[in-house]
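One structure is given here, and the rest of the page talks about it.
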Amino acid sequence: MIRLAIGDIRTDGGTQPRAAINPQTVTDYMNDMAAGAEFPPVDVFYDGSSYWLADGFHRIRAAEKAGRTEIVCEVHQGTCQDAQWFSFGVNKGNGLRRTNGDKQRAVKSALQHSSATGLSDGQIAEHVGVSDQMVRVHRRRLEATPNG
């Protein structure tokens with residue numbers, strides 16, 4: 001783990017698996033940080049030139065609001081695409097509970113990702129943390145859509 005400048009962490013690579021940032025969670029995290037609470041490191045992928053945030057969007061926003069300029073990171077070697085794939089599987093059992101919209105967004109993104117090529121509905125479901133039925137429904141919808 002290392003400390004990185006928040007400004008050096010890219011959040012514009014399609015790695016946000018949630019439908020939206022929850023402002024109340026950001027405020028709660030910011031208050032907890034200000035009170036001295038320690039949070040798990042955020043996950044970033046380093047491709048040799050950029051650090052791509054894969055998990056920790058709420059923590060990054062809270063740290064910024066708390067006036068912090070650095071954050072502790074778990075750095076993985078990989079590309080933006082690796083960070084995207086990783087992001088589809090985060091928050092299955094910890095962090096802010098995912099909404100149905102968050103789950104649907106993750107499933108749709110995973111199905112269209114190159115890492116899903118050749119994977120079964122069950123394998124994608126396991127990675128994303130949803131039912132294989134949900135993956136099957138969204139796969140059928142994508143296949144029925146022109147250019148999908």
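Observations on the structure shown:
- Residues of type lysines that Lys65 reaches as a straight line, Cα spacing below 18 Å, ignoring anything fewer than 8 places off in the same chain: none
- Sites Glu38 and Glu143 - FRET efficiency at Förster radius 35 Å, r taken between beta-carbons, to 0.05: 0.20
- Counting only DSSP H runs of at least 4 residues, each contributing -39500 (n - 2.57), and dividing by the residue count of the chain, the helix-based mean residue ellipticity at 222 nm comes to -13000 deg cm²/dmol.
- Rel. contact order, % - alpha carbon contacts under 8 angstrom, at least six apart, the chain: 25 percent
- Backbone HN-Hα couplings from phi across region 49-66 [Karplus 6.51/-1.76/1.60, Hz, Gly and Pro as x]: 9, 10, 9, 9, 5, 10, 8, x, 4, 5, 5, 4, 4, 5, 4, 4, 5, 7
- Only protein atoms count toward the accessible area here, which uses a 1.4 Å probe; on the chain, the carbon and sulfur part of that area reaches 45 percent.
- Counting only Cβ charges, +1 for Lys and Arg and -1 for Asp and Glu, the dipole size of the chain around its Cα centre is about 580 debye.
- Taking a Cβ cut-off of under 9 Å around Val128, the surrounding Lys, Arg, Asp and Glu residues balance to a net charge of +1, with basic ones at +1 and acidic ones at -1.
- Percent of beta bridges antiparallel (DSSP, the chain, rounded to nearest 5): 55 percent
- For the pair Gln24 and Asp47 in one chain, pulling the backbone fully straight at 0.36 nm per residue adds 5.0 nm over the alpha carbon distance.
- Förster radius 22 Å - calculated FRET efficiency between Asp12 and Lys65 (Cβ-Cβ, nearest 0.05): 0.70
- Amide hydrogen proximity for Asp55: with H placed 1.01 Å from N in the peptide plane, the residues at 5 or more positions away or on another chain lying under 5 Å are Asp43.
- Distance from the alpha carbon centroid of region 1-21 to that of region 90-138 works out to 20 angstrom.
- Per residue, the chain exposes 55 Å² of solvent-accessible protein surface, assessed with a 1.4 angstrom probe and all protein chains in place.
- Once backbone amide H atoms are built at 1.01 Å from N, Glu70 has Ile6 as its partners under 5 Å, excluding neighbours fewer than 5 places away on the same chain.
- Highest average packing first - 127-136, 67-76, Cβ atoms within 10 Å: 127-136, 67-76
The values are calculated or read from the model by the stated rules, or taken from the named source; none is laboratory data. What you see is a predicted model, and the numbers here were worked out from it, not measured in a lab. Here the Cβ is made from the backbone with ideal geometry for all residues, glycine too, and neighbour counts use every protein chain on show. Just the protein is used for accessible areas: all its heavy atoms, side chains included, with ligands, DNA and RNA removed. Shrake-Rupley method; radii C 1.70, N 1.55, O 1.52, S 1.80 Å.
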